[in-house]
1. Straight-line reach from Lys13: which aspartates and glutamates have a Cα under 16 Å away, not including same-chain ones fewer than 8 places off?
2. Just want the ordering: Cys159, Cys153, from fewest to most Cβ atoms lying within 10 Å of their own Cβ.
3. Please compute the Kirkwood hydrodynamic radius of the range 1-75 from all pairs of different C-alpha atoms, in Å with one decimal.
4. For the chain, what does the helix formula give at 222 nm: sum of -39500 (n - 2.57) over DSSP H segments with n ≥ 4, over the residue count, nearest 500 deg cm²/dmol?
5. Measure nothing fancy, just the Cα-based angle from helix 338-347's long axis to the longest principal axis of the chain, in degrees from 0 to 90, nearest 10.
6. Which net charge results for the neighbourhood of Arg122, defined as the other residues with beta-carbon distances under 15 angstrom from its beta-carbon, given Lys and Arg at +1 and Asp and Glu at -1?
7. Angle, helix 253-263 long axis vs. longest principal axis of the chain, Cα atoms, 0 to 90°, nearest 10?
8. Jot down the per residue volume, in cubic angstrom and as a whole number, of the convex hull over the alpha-carbon atoms of the range 1-127.
Amino acid sequence: MGGFDTIDWRNGKVVMLDQRRLPVAETYMECESVAEVADAIRTMVIRGAPAIGCAAALGVALAAHGARAAGRDAVRRAAVDAARELAETRPTAVNLFWALERMKTALESAAPQTAAADLAARLLEEALRIRDEDIAANRRMGQLGAGLLPATCAVLTHCNAGALATGGYGTALGVIRAAVEQGKTVTVFADETRPLLQGARLTAWELGRDGIDVTVIPDGAAATLMRQGRIDLAVVGADRIARNGDVANKIGTYSVAVLCASHGLPFYVAAPTSTLDLAAASGEQIPIEERGRDEVTTVGGALLVPPEARVLNPAFDVTPARLVTAIITERGVARPPYGESLAALCRNVP
Ligand code: MRU
């Protein structure tokens with residue numbers, strides 16, 4: 001599958017496939033400091049909720065690795081400071097904060113006399129475990145979600161919720177991959193996903209590499225395709241899911257959900273339980289990132305909007321739970337009412 005690593009640890013560095021340059025160039029960025037990892041998350045060298053969680057965890061491990069010659073107190077301080085810096089990068093995807101919390105627990109559960117090098121090694125192990133568990137969760141989610149897809153179907157997806165957005169395999173695209181692996185005939189329509197074109201650039205790239213049938217459409221074309229009967233269902237990922245089942249995901253996801261409801265089509269969300277935020281009662285409590293105007297006013301460096309025009313660039317929206325047919329997680333498929341089904345999934349922790 002794929003033949004690329006979204007994120008890895010090599011020779012004491014955090015290495016990431018630079019997603020800003022895809023599909024034109026496949027290049028890897030090597031981060032040697034926490035500041036570089038934080039910048040990579042902020043500027044979307046790496047993006048997608050589970051992937052930025054993996055990046056944050058490896059960023060903490062990188063800080064600890066760099067401080068190991070200075071003793072155990074220096075390792076602890078470096079890890080804590082790194083976590084603080086990384087928490088400031090992007091606010092919406094809860095996976096980032098979840099991963100930092102896991103790193104904090106790994107740090108705090110180490111015996112006080114643990115040697116600096118052992119402490120740093122322990123943090124690196126935990127960060128790589130977070131990534132590997134994410135891949136395993138995606139594969140499980142894929143198996144569960146594939147069962148919801150008809151033997152032959154056309155699926156709409158939005159943004160990129162694939163191997164590039166996760167440790168590997170993908171959430172929404174993992175469901176599609178698993179269905180194809182089971183022998184189903186799946187055609188994918190990928191919303192281009194303005195303004196940063198994650199659908200056109202990234203989803204089309206990674207599905208194309210796997211030989212999965214994919215057609216990029218302008219975001220505004222989905223309604224017409226549904227009306228023509230050319231789409232059977234939608235599957236998207238999520239950045240944060242509130243306790244009541246409200247789903248924050250890439251801006252434009254809410255429109256897809258409204259269109260599905262209007263055309264009587266299922267709207268599925270695929271996300272690992274690390275994307276659940278049971279502390280948020282509803283989508284009202286989910287912080288929505290606002291990004292800079294340049295992402296809207298320019299494409300490939302060319303200015304498209306009058307410089308005096310006002311611009312809004314909310315990076316995410318919230319789809320109300322009532323529009324979500326089911327939430328596919330690695331622990332099972334949750335159905336409405338989500339207040340009960342999501343809490344039950346979280347109680348079933350092995
Ligand atoms: O701004 P991005 O590209 O990080 O937004 C990503 C998304 O909205 C994805 O759909 C979401 O993180 C799910 S990834 C499995």
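1. Asp5, Glu30, Glu32, Glu36, Asp39, Glu125, Glu126
2. Ascending number of Cβ neighbours within 10 Å: Cys153, Cys159.
3. Radius from the Kirkwood sum: 12.8 Å.
4. -12000 deg cm²/dmol
5. Computed tilt is about 40 degrees.
6. Values: positive: Arg68, Arg72, Arg76, Arg102, Lys104, Arg129; negative: Glu108, Asp118, Glu125, Glu126.
Net of charged neighbours comes to +2.
7. Around 30 degrees separate the two axes.
8. Looking at the range 1-127, the number lands at 97 Å³ per residue.
Here, each number is a calculation from the coordinates, and none is a lab measurement. Note that the structure is a prediction, hence the values are computed from the model and not measured. Positions of Cβ are generated from backbone atoms using ideal geometry, with glycine treated the same way; all protein chains shown enter the neighbour counts.
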